[in-house]
Every structure is written in structure tokens, then in C-alpha cells.
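Engineer: First the structure, which I've put down as C-alpha cells, then a few questions once you've had a look.
The values are calculated or read from the model by the stated rules, or taken from the named source; none is laboratory data. Computed from a predicted model, the values in this text were never measured in an experiment. As a convention, Cβ positions derive from the backbone with ideal geometry for all residues, glycine included, and neighbour counts pool all protein chains shown.
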Amino acid sequence: MDNFAVNEKGTVTVVDVENVIVVDRFHLVQERKPGWNKRAEHEQLLGIAQQLTDNPTGFALYLTDVSMDNFAVNEKGTVTVVDVENVIVVDRFHLVQERKPGWNKRAEHMMDACHDCLSFDSEELCSHYTADHNYYAICSGLLAPRAYYSAYAGLLHTIPADVDKRLGLSQLLAACDQPRENQSRFDA
């Protein structure tokens, strides 16, 4: 890693890591054309969102640069984060100690400032123990049919009718992408 910068602001750290070298991996961009079963394996992205948001380290990590080429798939189909820049790191222990008003309420991203970009409020992310930011970034940016980081469509476009009927996947994906007023990405 040639460049590594940390900028701390109380409970928040912004980390910028550049020039990560990864060998023998295929970016998600190259994976958009395979059939449904292959693309459905990319649900692992939601597992990554979960891990970064809620983990035993005491830190929530929020990705602020989420695009197809920030993730890769190896020959076994495992999805990995390969290019990490501008990660917001929230010190949850500090939030618990400070107990500022609203710290323990979930921060939920309800409205896009623009459709084709990842909008977020770093102060909002940094003042809550849990936020749905990573789910929003992954669903709206990569998975949903209207994904803004894809010229073609999101990775989970064209859901087979039998799969959708059995799992209600298009409704779940829509709720994760743009939750209604009484819904939450955490519920989806």
C-alpha cells in the first residue's frame, strides 16, 4: 500500500488506502453478463455490508466509494473488497461513552440527493451507533435494477419469475434500494 492516510475527528476516522494489488480476481464489472445463478451469488455483497456495519471490533466501517470495480470475484465465486478508499470509521465505544441525543437510534438513508451518485451525510453516520449506509450503497449502487454504478442494470436485474414468486426478491430488493416510509433497509 503506497498511500495510507487517516484523518480523525472525534469518533470518526476517514481512511484512504490506495494502490491495493490483487492477483487472479475478476471485477464485478466482468460478471454482469453471466446467468441468474451466477449473478445471484453476489448476494455476498449484503454479507459484506453487514460485516462492515455490525461487527465485534467496536467500529462501524462505512464505504463511501462503492462501484463495480471496488469488488472482485475469485474462481470459487467468493466476492472480496479490492479497492478501498475513503472509509468512514465510527468508534462505537466512544459513542456509547458520550451518549449524545439520538446516538442509539438507527440512521437511515431515506432520500437520494441524486440518483447516479452515492450521497451520504458523514455527521449523520458518525453520530449513530448503527446506520444503513452500507446496505444503501450496495443495494442502490450495485444490486438493484436501477443501480447507479452500472450502465446496463444492477447485478440482480431480470429476476426469474419462479425465483421472484417463491422469494419475493424484487420486493425485497426494492425495499433495500428505496424503502417506503414505514419500511427499513434493516427489515428487508
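Engineer: Scanning for something more than 28 Å from GLU43 (Cα to Cα) and part of a helix (DSSP H, G or I), does region 86-93 turn up at least one residue?
Structural biologist: To start, the set of residues in region 86-93 that are more than 28 Å from GLU43 (Cα to Cα) comprises 93.
Still in the list and also part of a helix (DSSP H, G or I): 93.
Yes; the residues of region 86-93 include at least one that is more than 28 Å from GLU43 (Cα to Cα) and part of a helix (DSSP H, G or I).
Engineer: Would you check if GLN44 is surrounded by fewer than 19 Cβ atoms within 10 Å (Cβ to Cβ), without any contact (Cβ under 8 Å) to a residue 12 or more places away in the chain and either of a type in the set (Ser, Thr, Tyr) or in a helix (DSSP H, G or I) (or both)?
Structural biologist: no
Engineer: Sticking with this one: Search region 63-90 for residues that are free of Cβ contacts under 8 Å to residues at least 24 places away in the same chain and pair each with any residue that is not aliphatic (A, V, I, L, M) when their beta-carbon atoms are under 7 Å apart and the residues are at least 6 apart or on different chains.
Structural biologist: Listed by first residue and then by second, the contacts come to ASN70/ASP83.
Engineer: Exactly one condition in (1) under 19 Å from GLY35 (Cβ atoms); (2) in contact with an Asp or Glu (Cβ under 7 Å, 6 or more places away or on another chain); (3) modelled with pLDDT of 85 or more; (4) of a type outside the set (Ser, Thr, Tyr) is not met by CYS139; state its number.
Structural biologist: Evaluating CYS139 over (1) under 19 Å from GLY35 (Cβ atoms); (2) in contact with an Asp or Glu (Cβ under 7 Å, 6 or more places away or on another chain); (3) modelled with pLDDT of 85 or more; (4) of a type outside the set (Ser, Thr, Tyr) leaves (1) as the failure.
Engineer: Right, LYS38: at pLDDT 80 or above and either among the basic types (Lys, Arg) or in contact with a Pro (Cβ under 8 Å, 6 or more places away or on another chain) (or both) or not? Please lay out each step first, then the result.
Structural biologist: Working: at pLDDT 80 or above: no; either among the basic types (Lys, Arg) or in contact with a Pro (Cβ under 8 Å, 6 or more places away or on another chain) (or both): yes.
When the stated conditions are applied, LYS38 does not pass them.
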